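Encoded as structure tokens, the structure appears first; notes follow it.
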Amino acid sequence: MDEEVNSVELKDKSGHENNGFVADHDEKEETPSRKNSLIEESSYAVKMNEYDQTLPLKPYAGMPKEVLLQFSNQMCYKVTREILFWLIIVATLAIIAATISIIALSPKCLDWWQSSPIYQVYPKSFRDSDGDGSGDLKGVQEKIGHFVYLGVKAVWVAPFFKSTLKDYRYAVDDFRQVDPSFGTMVDFENLLSAVHDKGIKLIIDLIPNHTSNKHDWFLLSRNRTNKYADYYIWKKCTDVEDGPVKPPNNWVGLYGNSSWEYDSVRKQCYFHQFRKEQPDLNLHNPDVQSEILDIITFWLEKGVDGFTIDAAKFLLEAEHLRDEPQVNKSQQADSVTSYSELYHDYTTTQIGMHDILRDLRNAMNKFSREPGRYRFMGTESNDQDMVAKTMMYYGNSLVQEADFPLNFYLHDLQSQNISGKSINNIVDLWMKSMPKGKWPHWMVGSSRNSRIASRVGKDYINVLNMLLLTLPGTPTTYYGEELGMVDNPSLNENSYPSGEYDPSEYPEKTPMQWDTSSNAGFNDGNKTWLPVNQDYNELNVEVQKEKADSTLNLYRDLVKLRQDELPLHRGWLCYAYSDDNIFAYVREIDGLNKVFMVVLNFGATASVNIGREIPDFPTEAKIRLSTISANNGKTVSTASIPTERGEGIIVEYKTNNPLHNRDTFKDNCFISEKACYSSAFNLLYKNC
């Protein structure tokens, strides 16, 4: 019987077939094979009914659904099926719950403007592609490989708008056009596409405070044409027509003398915070605000990734036009000609200024909804000792403004004031003033300041680069700082007295030094807009690439270390020690026992006993990276960590007792984007 059942021969033992259920057929139309098929099907149905209660059938391959359905109702299979069904449901719910938990517990990912240094390009001096002596946008595109070599993912290009030759392109004739000296709009679009292809973001400047006096808006405004009549700040400044000019008040421009300039066409004075060729826009006028928003939209639609808002604190002026108070009250009022001789209570940081910046931020947010395409906003406003005013640009927990204001405090470093303590104080000023949870920013140079290597000395360029790239936050590197470029000593205030530029700003704008060829590889022509620095044969990209211990390769190694190590790019900062020579701090992250201590020498050769400063500190640590490459990989005693003048070292050690958890260090530890590391799951979470 078993043999018959397993072979599924559904006939009785006597071999008789039951044809009782075979339908009537036309014998002539049916073939023998068709008859046999019908007989087998009928026999199959009858015999199944006959044996389904008596035969112990087993599943077999290829069985028809009728047989399968009979097995599916048997208890052993039904229970198994139920168990598998509920296991799948439970597993699915567990995966969903785990996914939700991971998302809920995960810290915010660092955005592109946080995870990489920003490299600032001054395009007129970066690379000249056509040999006319002046750098251009095609030249920047030719050197994208340099950004890739450094490992930077964000490039900030200084103004290239169509401009009057005043104040280095900050006197804009048309915000929607590229100045012909830099190329065409197609050149800009090609540059933007090329950097995006390399995974690099592009930041440009926005100058909403003023235009040039050749801008169409100004030309229409001076003629009182329709709505443009109030696009600028115009005031009566003569008692009678063609009479002597008397400014409406004592306001003084940044470059000295009255900030009011008489216009013979309109017969009124217009206000300018900077040069007379740069009239201030009237941002109390909603139409002007709409124009600025339209300009932002124009460039965002092109695909730019962010803006730096220049001269932010100057956007609004008091409408009452009262005289600003004098610093020296005994000084004769008519002798006040310098900007520093007044308190600028009515021409900077006026009520409503932050509302304008928030509107700019909201305009950018409309383009930030696409994943990975967040639009960055920085603000440029140097408030000197009034750091609280600078911090207002961060916005607050309810209203977003700048991602960070530019930090100019390291610009004050000079050879006479650099020390471990002074650096510690500058860092501490920013970190303690910054609103909780905000992201810091650091920079030591710019196109408006003498190069850092010239201000403090070449000995400190490497240690300063190490400072920038190991502090929490985003560092900005002005072109050439990765090489240690210095001011050109042959340039001074008497150089090129054409009136087109401020000669005092020439030395830090000399052409980028690429190689040892003519003009340092800046171009292949016979001239450069400024002379190349005479040290270019030894100090250039080509030479430094070949030297493992060069400033360039140290910068590159620091960028890579910052990107690879969690504590360095999003961990805690804790001050460990400072004196006249040394500034030392720790970078650590919760849940990870790997810790980095950065020891920076800004004075003379010295040693520091970290073991005495921090109880239970490991007795030895390994030098992960030093500005003196011969020290890399060495093990040092923490009771006496030696450093040479201008040396910086990053030592790595392990501990389960981080500094930020100790009461004695709680006032000296800071975190922006808090995260905790789980070694079990190799991921970050935020509730720790």
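Test Thr390 against the criterion of being surrounded by 20 or more Cβ atoms within 10 Å (Cβ to Cβ), within 24 Å of Leu206 (Cα to Cα) and either touching a His at 6+ places or on another chain (Cβ under 9 Å) or aromatic (Phe, Trp, Tyr) (or both), and give yes or no. Against the criterion (surrounded by 20 or more Cβ atoms within 10 Å (Cβ to Cβ), within 24 Å of Leu206 (Cα to Cα) and either touching a His at 6+ places or on another chain (Cβ under 9 Å) or aromatic (Phe, Trp, Tyr) (or both)), Thr390 does not qualify. Arg176: of a type in the set (D, E, K, R), loosely packed, with under 15 Cβ neighbours inside 10 Å and in contact (Cβ under 8 Å) with a residue 24 or more places away in the chain, yes or no? Spelling it out, Arg176 is indeed of a type in the set (D, E, K, R), loosely packed, with under 15 Cβ neighbours inside 10 Å and in contact (Cβ under 8 Å) with a residue 24 or more places away in the chain.
For the range 418-430, a tally of residues being surrounded by fewer than 19 Cβ atoms within 10 Å (Cβ to Cβ), in contact with a strand residue (DSSP E or B) (Cβ under 9 Å, 6 or more places away or on another chain) and under 19 Å from Met386 (Cβ atoms) returns 2. For the range 457-483, a tally of residues being open to solvent by 10 Å² or more (accessible area, probe 1.4 Å) and at positive phi returns 1. Among the residues here, Asn407 qualifies as of a type outside the set (Lys, Arg) and in contact with a strand residue (DSSP E or B) (Cβ under 6 Å, 6 or more places away or on another chain). Filtering Ser454, Ser415 for residues that are out of contact with any Pro (no Cβ under 8 Å at 6 or more places or on another chain) and either of a type in the set (Ser, Thr, Tyr) or buried (at least 17 other Cβ atoms within 10 Å of the Cβ) (or both) leaves a single hit, Ser415. Take the range 630-673 and flag every residue that is open to solvent by 80 Å² or more (accessible area, probe 1.4 Å) and either under 25 Å from Ile418 (Cα atoms) or among the charged types (D, E, K, R) (or both). If the condition is that a residue be open to solvent by 80 Å² or more (accessible area, probe 1.4 Å) and either under 25 Å from Ile418 (Cα atoms) or among the charged types (D, E, K, R) (or both), then Lys634, Glu644, Arg645, Lys654, Asp663, Lys666, Asp667 are the ones that fit. Being under 32 Å from the mean Cα position of the chain (by Cα) and of a type in the set (S, T, N, Q) is a property that Asn540 has. Within the range 434-453, one or more residues are over 19 Å from the mean Cα position of the chain (by Cα), modelled with pLDDT of 95 or more and assigned to a helix (DSSP H, G or I). The set of residues from the range 419-431 being in contact (Cβ under 8 Å) with a residue 40 or more places away in the chain and outside any loop (DSSP other than H, G, I, E, B) comprises Gly420, Lys421, Ser422, Ile423, Asn424, Val427, Asp428, Leu429, Trp430, Met431.
Can you run down the residue pairs with Cβ atoms below 7 Å, 6 or more apart or on separate chains, where the first is in the range 568-586 and basic (Lys, Arg) and the partner is open to solvent by 30 Å² or more (accessible area, probe 1.4 Å)? Note: pairs meeting the criteria are Arg570/Leu110; Arg570/Glu673.
Every condition in (1) part of a helix (DSSP H, G or I); (2) under 18 Å from Glu380 (Cβ atoms) is met by Asp334 except one, and the failing one is (2). Residue count for the range 440-451, restricted to those that are open to solvent by less than 10 Å² (accessible area, probe 1.4 Å) and closer than 15 Å to Asn407 by Cα: 7.
For the range 306-318, the condition holds for no residue, the condition being that it is in contact with a helix residue (DSSP H, G or I) (Cβ under 8 Å, 6 or more places away or on another chain), open to solvent by less than 60 Å² (accessible area, probe 1.4 Å) and more than 25 Å from Thr349 (Cβ to Cβ).
Among the criteria (1) in contact with a strand residue (DSSP E or B) (Cβ under 9 Å, 6 or more places away or on another chain); (2) touching a residue at least 40 places away in the same chain (Cβ under 8 Å), the one Ser629 does not fulfil is (1). Scanning the range 61-78 for residues that are open to solvent by 70 Å² or more (accessible area, probe 1.4 Å), without any contact (Cβ under 8 Å) to a residue 12 or more places away in the chain and either in contact with a strand residue (DSSP E or B) (Cβ under 9 Å, 6 or more places away or on another chain) or part of a helix (DSSP H, G or I) (or both) gives Lys65, Leu68, Leu69, Met75, Cys76, Tyr77, Lys78.
Summed over the range 114-168, the residues that are over 20 Å from the mean Cα position of the chain (by Cα), crowded, with 23+ Cβ neighbours inside 10 Å and aliphatic (A, V, I, L, M) give a count of 1. Just checking, does the range 395-404 include any residue being in a strand (DSSP E or B) and crowded, with 20+ Cβ neighbours inside 10 Å? Scanning the range 395-404 turns up at least one residue that is in a strand (DSSP E or B) and crowded, with 20+ Cβ neighbours inside 10 Å. Selection within the range 204-262: residues that are free of Cβ contacts under 8 Å to residues at least 12 places away in the same chain and closer than 22 Å to Val172 by Cβ. The member of this set that is surrounded by the most Cβ atoms within 10 Å (Cβ to Cβ) is Tyr228. Does Arg612 satisfy being at pLDDT below 95, over 13 Å from Tyr585 (Cα atoms) and more than 29 Å from the chain's Cα centre (by Cα)? Judged against the criteria, Arg612 is a match.
The values are calculated or read from the model by the stated rules, or taken from the named source; none is laboratory data. These numbers come from a predicted model, not from an experiment. Cβ atoms come from the backbone with ideal geometry, glycine included; neighbour counts cover every protein chain shown. These area figures cover heavy atoms from the full protein model, side chains too; ligands, DNA and RNA do not enter into them. Shrake-Rupley method; radii C 1.70, N 1.55, O 1.52, S 1.80 Å.
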